[in-house]
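The values are calculated or read from the model by the stated rules, or taken from the named source; none is laboratory data. Nothing here was measured: the structure is a model prediction, and the numbers come from that model. Here the Cβ positions follow ideal geometry from the backbone for every residue, glycine too, while neighbour counts run over all protein chains shown. Each accessible area value is taken on the protein alone, full model and side chains, heavy atoms only, with ligands, DNA and RNA left out. Shrake-Rupley method; radii C 1.70, N 1.55, O 1.52, S 1.80 Å.
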Amino acid sequence: MAQCEQVLTPVDGVVARLSALDAALPARDGVAVFNRVYLAVTRAVDRRIDAGLFPDNRAVITLDVRFAEYYLAAVDAVADGRRPPACWRPLFQFRRHPGVRPVQFALAGINAHIGHDLALAVVDTCRTLGCEPADLEDEFEAVGELLLSLEERIRDELVPGPESLRVADPLTHLLGAWSLDRARDAAWTAARALWALRRLPDVAAEFTERLDTAVGFAGRMLLTPLPD
């Protein structure tokens, strides 16, 4: 019996691009740290798509690809000598700083990608599919659950054990100051606001710029160098 050929989706292209970055970047590079955890979650999304586990595969594929494109555009901008969006600048500026720990790089990347990129990706998806944000809520929540697993992966793999992470350690306070769940909720609110402003392009552009700046400021705080 002939074997069924695997049907490739646009998400496979994203996985291939993230895998190429993973192979090319030095392991300790801050962008590489974020890229590894993002690659793991994107592979998990791809497996669920192949298994038909999402409410609407077409919507999830579109959202996932639009989402990834923002991060990859930032990578390309830096490679070409251009400035990335403000939300991504701290990660690229501090990517080789010896005083920044791997978990900080990971959180800064997640902060940029969810705090800024996710809202814009929802709006892009609505425009592509001709739908409203409310029509994507189930898919947003399904992907959001996988994003939460990303935070769990980071804490399992990158956070020092309790024997070295003391209550007074600055890293303890930093990790407690940022929440992926709250960032995801804020991204959904921002997406709905941007969609409501779509007929007011000047206001929407200003909102997006302020969002970019605010998320970049939070990312800079997450990357505060810490003592050993």
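Before moving on, here are some points about what is shown:
- Residue within region 99-120 that is open to solvent by 20 Å² or more (accessible area, probe 1.4 Å) and outside any helix (DSSP H, G or I) present: yes
- Residue within region 186-204 that is within 22 Å of residue 224 (Cα to Cα) and open to solvent by 80 Å² or more (accessible area, probe 1.4 Å) present: no
- Test for residue 16: is it without any contact (Cβ under 8 Å) to a residue 60 or more places away in the chain, under 22 Å from residue 209 (Cα atoms) and open to solvent by less than 80 Å² (accessible area, probe 1.4 Å): no
- Residue check, residue 187 among the small types (Gly, Ala, Ser) and at pLDDT 90 or above: yes
- Candidates 40, 51, filtered to the one that is within 28 Å of residue 141 (Cα to Cα) and open to solvent by 30 Å² or more (accessible area, probe 1.4 Å): 51
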